[in-house]
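Trainee: Sharing a structure, written as structure tokens. Questions coming.
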Amino acid sequence: MHIGFDVSQTGAKKAGCGYFADAMVRALMRIAPMHTYALYPSFGDFFFDASMPLRNPFESANVHYGPRHLTRDSASRFWNASDVETALGKPDVVQANNFWTPPHVRHARLIYTLYDLSFVVQPDWTTETNRIGCFDGVFRAAIEADWIVAISASSRRHFLDVFPHFPPARVRVIHPCSRFTDTTAEGHRPKALAGVEAFWLSVSTIEPRKNQRRLAEAYAHYLALGGAPMPLVFAGGDGWLMDDFASYLENLGIRDRVILTGYVSDAELVWMYRHCFAHLYPSWFEGFGLPVLEGLQFGAPTLASNTTSIPEITADAAILLPPDETHAWTKAMLDLVDQPEQRERLSSLGATRARAFDWQQSAQALLSLYEEACALPKRSRSA
Amino acid sequence: MTTFKTVVVDLTPVLPGGENGGAKIFVLELVARLAARLPQTQFVLLTQASSHGELACLDRTNVRRELAVGDADSGISRPRLLAWSGLLLARMPGLVRAVAGRLSDGYKRMLERLGRVSLLRKLEADLLFCPFTAPTYHEQGIPMVCTIYDLQFRTYPEFFTPEDVAQRRRSFEGACRLASALAAISDYSRRAALAFGHLDEARIRTIHLRLAGRGVASGGVDAIAQLGLTRGRYLLYPANFWRHKNHQMLLTAFGIAMRTGLPSDVKLVCTGAPGPRQAQVAAAVESMGLGKRVLMPGYLADDLLASVLAGAGGLVFPSLYEGFGLPVLEAMVAGVPVACSNASSLPEIAAGAAVMFDPRVPSQIVDAMLQLFGDATLRDRLISAGREHARPYLDADRMTQEYIALFEFAVGRQRPDDGVRAERNAAPYPDGAP
């Protein structure tokens with residue numbers, strides 16, 4: 001099989017989508033070295049990153065790289081051309097990973113990664129430009145893709161609800177896995193936490209969808225009710241629309257109890273997961289929720305939202321709470337302080353649960369999907 | 001009342017056929033009414049070659065056309081030169097194009113100016129009216145009035161080519177800088193113009209498009225049966241297939257509604273001119289298995305469209321952006337209940353007499369569609385509220401008078417600073433507008 005794979009988002013500034021593509025393609029190439037791979041550092045005209053992966057980290061006989069484009073315009077012309085498949089060397093499979101759908105894939109099997117459809121539920125969680133690009137891409141996938149890879153059963157269900165014409169048998173769930181392959185790693189204490197003994201941890205970009213405001217309220221209430229005065233650490237860079245988060249914390253009277261670390265390195269994350277009192281993840285909406293899985297992996301007792309994909313990750317290895325009920329979070333935090341045995345139990349359950357997510361398994365599932373896709377006709381030619 | 005001896009109207013942007021969309025229909029109607037209302041005023045319509053003949057429909061004793069762009073004898077017309085430079089630009093990489101675009105803007109302006117030195121003075125214009133915004137023929141000392149439609153190029157630049165954005169920005173900024181007075185077609189557009197045009201409030205007025213009677217069926221045409229439709233059993237969306245019209249979202253919502261309670265005989269009719277984008281939408285309809293439920297009959301002439309509108313079970317209007325939204329009012333006049341986007345000018349135009357939805361959220365569009373067909377009490381309320389609300393928008397005469405008052409205001413502003421009135425403005429003028 002000649003496999004074409006979009007790696008456009010796997011450059012230096014990786015986010016959730018980029019991690020999936022990066023880890024998946026590495027795992028795929030490890031378990032299936034007999035196939036040839038074309039990795040596309042530029043893919044379409046929606047996501048365009050001048051600092052796209054510039055190096056070719058996988059130099060080997062069966063791997064080559066697709067064209068790089070210096071401008072969005074030239075990328076657009078290339079990827080929208082009607083003969084794009086010939087220009088790409090006629091792959092058997094093309095996997096799209098950055099929301100954009102190539103319009104003229106007439107021979108190869110087009111596999112589209114669906115992360116989430118949050119933008120059709122609450123469009124204000126992102127910018128209008130981003131929303132339009134995401135919706136255009138998913139809509140075109142609903143028309144043109146042969147198969148959809150959904151990163152959770154929740155996303156799969158949502159896609160089929162929004163596009164009920166799409167055959168459910170061609171939407172498969174393949175879970176992403178943790179970035180961290182060494183569960184014994186100790187990590188590295190962040191400078192911002194120098195001298196800090198116990199702390200609550202919440203890992204996410206600071207943005208409305210991640211619901212940090214309500215968590216801050218719940219924490220303020222927890223302190224007011226006499227909860228053990230451990231600081232609350234928000235680990236993550238600034239995302240959308242949350243410029244005044246620091247002043248929000250001031251107004252709650254807890255600015256001096258909260259540590260905003262900004263963007264942290266992988267090693268610092270690992271250390272924080274290992275040493276936190278608990279990991280709090282109150283997100284309104286997820287396609288998967290990597291930080292939840294990663295926290296479980298390193299034994300962090302976890303309190304998380306009960307919505308969308310999160311219960312799929314945690315099963316019964318976490319305490320699940322409605323993201324809008326701040327009093328429930330306050331109570332759960334107070335209870336956890338009083339119940340050290342509960343923390344032990346969650347930590348151990350979490351570590352076990354995390355082992356269910358394995359890149360080898362996911363890559364094998366994707367490979368099986370490719371084989372099935374090539375054995376069957378394209379969707380437009382089936383009954 | 002001031003008498004304008006000569007009003008020059010820039011109709012050079014008018015293109016043949018339906019390319020200008022609703023703006024052309026509005027402008028032609030307004031010009032005819034202005035001419036009828038001011039029989040003592042001579043109207044000179046500046047035209048370009050490709051639509052010069054079509055605009056003969058406006059000819060009257062006090063209306064004549066003046067071919068200003070494109071000369072049959074000259075061999076190379078300015079529009080062709082501009083088209084060539086556009087083609088050349090399209091082949092250059094983005095960065096180069098942005099710079100070249102700036103240079104060519106200047107080049108284009110120069111070309112434009114070359115052809116019309118003192119045209120207004122030759123025509124003895126008392127006023128220049130630019131109903132398509134662009135102040136192309138502006139000359140110092142001659143009052144100018146421009147109409148502002150919307151600032152979509154600012155809100156949704158991704159829906160335009162970079163050249164188009166630059167051109168629209170130039171037109172808008174030029175109009176704001178040079179016009180003595182401006183008309184915005186909605187309060188929404190007026191506020192947007194104030195925010196981005198460095199205008200003072202007194203200089204720009206809202207003058208609504210009071211042309212909602214255009215869609216009234218004159219009877220005798222049964223397009224409904226011709227199209228295989230059943231009266232009352234379809235939704236209509238009359239819109240060209242531009243991106244801001246949001247057809248993909250509408251199809252998505254219709255696909256969901258079909259499976260979540262929309263009666264199985266209800267169809268969706270999307271009129272609008274054929275072209276590459278219509279073909280894309282049509283392909284999506286097929287792929288989504290909606291071929292039997294979604295009709296795309298192409299561009300319908302006025303009387304056919306009026307017929308189809310009058311027989312609709314509802315108007316659905318999921319546009320992401322509008323400067324006004326005349327089809328909403330036309331539906332209300334026709335007694336058709338409306339489900340409408342809440343974006344841009346639409347809340348102002350629908351004013352509570354429609355079911356509103358966020359056009360970015362398919363489930364809200366689904367709910368609105370289901371309400372239109374599932375709730376008879378609501379339907380009746382919408383129909384009667386809509387008729388009541390839309391009535392003032394039938395008063396095209398009022399709109400004409402508002403433009404005349406604006407013209408008078410513009411001429412008054414152009415007076416010399418020492419307060420001495422120019423001879424041609426001998427009589428005082430009422431400026432009753434707020």
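Trainee: Which one of B:Gly275, B:Gly291 is out of contact with any His (no Cβ under 7 Å at 6 or more places or on another chain), farther than 27 Å from B:Ala390 by Cα and within 14 Å of chain A (Cβ to nearest Cβ)?
Mentor: Numbers: B:Gly275 fails: within 14 Å of chain A (Cβ to nearest Cβ).
Within the list B:Gly275, B:Gly291, the selection yields B:Gly291.
Trainee: I'd like the full set of residues that are touching a residue at least 24 places away in the same chain (Cβ under 8 Å), part of a loop (DSSP other than H, G, I, E, B) and closer than 24 Å to B:Ala405 by Cβ, limited to region B:10-63.
Mentor: B:Leu11, B:Leu38, B:Gln40, B:Thr41, B:Asn62
Trainee: Identify the residue in region A:351-375 that is touching a residue at least 60 places away in the same chain (Cβ under 8 Å), aliphatic (A, V, I, L, M) and closer than 20 Å to A:Ala96 by Cα and, among all such residues, is nearest to the other protein chains (Cβ to nearest Cβ).
Mentor: So, considering only residues that are touching a residue at least 60 places away in the same chain (Cβ under 8 Å), aliphatic (A, V, I, L, M) and closer than 20 Å to A:Ala96 by Cα, the one nearest to the other protein chains (Cβ to nearest Cβ) is A:Ala373.
Trainee: May I pose another question? Find the residue count for region A:193-208, including only residues that are under 13 Å from A:Phe285 (Cα atoms) and either in contact with a Gly (Cβ under 7 Å, 6 or more places away or on another chain) or at pLDDT 95 or above (or both).
Mentor: Of region A:193-208, the ones under 13 Å from A:Phe285 (Cα atoms) are A:204, A:207-208.
Still in the list and also either in contact with a Gly (Cβ under 7 Å, 6 or more places away or on another chain) or at pLDDT 95 or above (or both): A:204, A:207.
Adding up the residues that qualify gives 2.
Trainee: Using the structure shown, decide if B:Ile256 is within 22 Å of B:Asp303 (Cβ to Cβ) and either not assigned by TED's automatic domain parsing to the domain that holds B:Pro157 or not in a loop (DSSP other than H, G, I, E, B) (or both).
Mentor: Values: within 22 Å of B:Asp303 (Cβ to Cβ): no; either not assigned by TED's automatic domain parsing to the domain that holds B:Pro157 or not in a loop (DSSP other than H, G, I, E, B) (or both): yes.
So B:Ile256 fails the test.
Trainee: Looking at A:Gln297 and the list (1) in contact (Cβ under 8 Å) with a residue 40 or more places away in the chain; (2) closer than 20 Å to A:Glu217 by Cβ; (3) not basic (Lys, Arg), which single condition is not satisfied?
Mentor: (2)
Trainee: If you check B:Asp367, B:Asp375, B:Asp380, B:Asp358, which single one turns out to be surrounded by fewer than 23 Cβ atoms within 10 Å (Cβ to Cβ) and touching a helix residue (DSSP H, G or I) at 6+ places or on another chain (Cβ under 6 Å)? Spell out the reasoning first.
Mentor: Numbers: B:Asp367 fails: touching a helix residue (DSSP H, G or I) at 6+ places or on another chain (Cβ under 6 Å); B:Asp375 fails: touching a helix residue (DSSP H, G or I) at 6+ places or on another chain (Cβ under 6 Å); B:Asp380 fails: touching a helix residue (DSSP H, G or I) at 6+ places or on another chain (Cβ under 6 Å).
None of the other options fit; the residue is B:Asp358.
Trainee: Let me ask you something else. Is it the case that A:Ala145 is within 14 Å of chain B (Cβ to nearest Cβ) and either more than 19 Å from the chain's Cα centre (by Cα) or surrounded by 22 or more Cβ atoms within 10 Å (Cβ to Cβ) (or both)?
Mentor: Numbers: within 14 Å of chain B (Cβ to nearest Cβ): yes; either more than 19 Å from the chain's Cα centre (by Cα) or surrounded by 22 or more Cβ atoms within 10 Å (Cβ to Cβ) (or both): yes.
It is true that A:Ala145 is within 14 Å of chain B (Cβ to nearest Cβ) and either more than 19 Å from the chain's Cα centre (by Cα) or surrounded by 22 or more Cβ atoms within 10 Å (Cβ to Cβ) (or both).
Trainee: Go through A:Phe166, A:Phe159 for me and flag whichever is crowded, with 18+ Cβ neighbours inside 10 Å, in contact (Cβ under 8 Å) with a residue 24 or more places away in the chain and not in a loop (DSSP other than H, G, I, E, B).
Mentor: Every option except A:Phe159 fails the conditions.
Trainee: Among B:Ala282, B:Ala301, B:Ala253, which is farther than 18 Å from B:Glu330 by Cβ, out of contact with any helix residue (DSSP H, G or I) (no Cβ under 9 Å at 6 or more places or on another chain) and either within 14 Å of chain A (Cβ to nearest Cβ) or surrounded by fewer than 20 Cβ atoms within 10 Å (Cβ to Cβ) (or both)? Explain how you work it out, then say what you get.
Mentor: Values: B:Ala301 fails: farther than 18 Å from B:Glu330 by Cβ; B:Ala253 fails: out of contact with any helix residue (DSSP H, G or I) (no Cβ under 9 Å at 6 or more places or on another chain).
On inspection, the qualifying residue turns out to be B:Ala282.
A quick yes/no check of all residues on (1) within 14 Å of chain A (Cβ to nearest Cβ); (2) part of a helix (DSSP H, G or I); (3) among the hydrophobic types (A, V, I, L, M, F, W, C):
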position: B:Glu124; (1), (2), (3): no, no, no
position: B:Leu128; (1), (2), (3): no, no, yes
position: B:Thr133; (1), (2), (3): no, no, no
position: B:Thr147; (1), (2), (3): no, no, no
position: B:Asp164; (1), (2), (3): no, yes, no
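Trainee: Across region A:150-196, what is the number of residues that are within 23 Å of the chain's Cα centre (by Cα) and either within 14 Å of another protein chain (Cβ to nearest Cβ) or under 29 Å from B:Ala279 (Cβ atoms) (or both)?
Mentor: Here the count works out to 10.
Trainee: Can you tell me which residue is farthest from the other protein chains (Cβ to nearest Cβ) among those in region B:166-190 that are of a type outside the set (A, V, I, L, M, F, W, C) and out of contact with any helix residue (DSSP H, G or I) (no Cβ under 7 Å at 6 or more places or on another chain)?
Mentor: As a first pass, look at region B:166-190 and keep what is of a type outside the set (A, V, I, L, M, F, W, C): B:167-171, B:173-174, B:177, B:180, B:186-190.
If we keep only those that are out of contact with any helix residue (DSSP H, G or I) (no Cβ under 7 Å at 6 or more places or on another chain) too, we end up with B:167, B:171, B:173-174, B:177, B:189-190.
Numbers: B:Gln167: 18, B:Ser171: 23, B:Glu173: 23, B:Gly174: 27, B:Arg177: 28, B:Ser189: 18, B:Arg190: 22 Å.
Residue satisfying both the conditions and the ranking: B:Arg177.
Trainee: Additional query: For residues in region A:125-142 being more than 9 Å from every other protein chain (Cβ to nearest Cβ) and not aliphatic (A, V, I, L, M), which is nearest to B:Ala284 (Cα to Cα)? Give the steps one after another, and end with the answer.
Mentor: From region A:125-142, those more than 9 Å from every other protein chain (Cβ to nearest Cβ) are A:125-127, A:130, A:134, A:137-138, A:141; that's our starting set.
If we keep only those that are not aliphatic (A, V, I, L, M) too, we end up with A:125-127, A:130, A:134, A:137.
Values: A:Trp125: 27, A:Thr126: 26, A:Thr127: 26, A:Asn130: 22, A:Cys134: 17, A:Gly137: 13 Å.
The qualifying residue nearest to B:Ala284 (Cα to Cα) is A:Gly137.
Trainee: Here is a follow-up. Being under 21 Å from B:Ser307 (Cα atoms), more than 14 Å from chain A (Cβ to nearest Cβ) and in contact (Cβ under 8 Å) with a residue 40 or more places away in the chain is true for just one of B:Ala368, B:Ala331. Which residue is that? Give the steps one after another, and end with the answer.
Mentor: On the way: B:Ala368 fails: under 21 Å from B:Ser307 (Cα atoms).
After ruling out the rest, the residue left standing is B:Ala331.
Trainee: I've got another one for you. Considering only residues that are part of a loop (DSSP other than H, G, I, E, B) and free of Cβ contacts under 8 Å to residues at least 60 places away in the same chain, look in region B:226-250 and name the one that is nearest to the other protein chains (Cβ to nearest Cβ). Give the steps one after another, and end with the answer.
Mentor: Of the residues in region B:226-250, the ones part of a loop (DSSP other than H, G, I, E, B) are B:227-233, B:239-242, B:246.
Filter once more, keeping what is free of Cβ contacts under 8 Å to residues at least 60 places away in the same chain: B:230, B:241.
Numbers: B:Thr230: 24, B:Phe241: 14 Å.
That would be B:Phe241.
Trainee: Here is a further query. May I ask you to list the residues in region A:69-87 that are of a type in the set (S, T, N, Q) and either within 14 Å of chain B (Cβ to nearest Cβ) or within 29 Å of the chain's Cα centre (by Cα) (or both)? So that I can check it myself, show each step before the final result.
Mentor: Restricting attention to region A:69-87, the residues satisfying the condition of being of a type in the set (S, T, N, Q) are A:71, A:74, A:76, A:80, A:82, A:86.
Passing the criteria: A:Thr71, A:Ser74, A:Ser76, A:Asn80, A:Ser82.
Residues checked against (1) in the same structural domain as A:His158 (by TED's automatic domain parsing); (2) among the hydroxyl-bearing types (Ser, Thr, Tyr); (3) not in a loop (DSSP other than H, G, I, E, B):
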| residue | (1), (2), (3) |
| --- | --- |
| A:Arg214 | no, no, yes |
| A:Tyr219 | no, yes, yes |
| A:Gly226 | no, no, no |
| A:Pro229 | no, no, no |
| A:Val233 | no, no, yes |
| A:Tyr248 | no, yes, yes |
| A:Met272 | no, no, yes |
| A:Gly299 | no, no, no |
| A:Pro311 | no, no, yes |
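Trainee: Can you tell me which residues in region A:102-121 are touching a residue at least 24 places away in the same chain (Cβ under 8 Å), facing another protein chain (nearest Cβ under 8 Å) and in contact with a helix residue (DSSP H, G or I) (Cβ under 7 Å, 6 or more places away or on another chain)?
Mentor: Result: A:Val120, single match.
Trainee: Of A:Arg353, A:Arg345, which residue is surrounded by 19 or more Cβ atoms within 10 Å (Cβ to Cβ), among the basic types (Lys, Arg) and not in a loop (DSSP other than H, G, I, E, B)? Break it down stepwise before answering.
Mentor: Details: A:Arg345 fails: surrounded by 19 or more Cβ atoms within 10 Å (Cβ to Cβ).
Only one candidate qualifies: A:Arg353.
Trainee: Right, here's the next one. Taking only region B:159-183 into account, find how many residues are in contact (Cβ under 8 Å) with a residue 60 or more places away in the chain and closer than 19 Å to B:Glu322 by Cβ.
Mentor: 2
Trainee: Residues that are at pLDDT below 95: find the helices (runs of 4 or more DSSP H) completely inside region B:284-386 holding 3 or more of those. Please lay out each step first, then the result.
Mentor: Details: elements: B:302-310, B:326-333, B:346-350, B:362-374.
Per the criteria, B:302-310.
Trainee: Here's something else I'd like to know. For the list (1) without any contact (Cβ under 8 Å) to a residue 24 or more places away in the chain; (2) away from chain B (no Cβ under 14 Å), I need the number of the one condition that A:Tyr222 fails.
Mentor: Checking A:Tyr222 against (1) without any contact (Cβ under 8 Å) to a residue 24 or more places away in the chain; (2) away from chain B (no Cβ under 14 Å), the one that fails is (1).
The values are calculated or read from the model by the stated rules, or taken from the named source; none is laboratory data. Because the structure is predicted, anything quoted here is derived from the model rather than measured. Note that each Cβ is placed from the backbone with ideal geometry, even for glycine, and that neighbours are counted across all protein chains shown.
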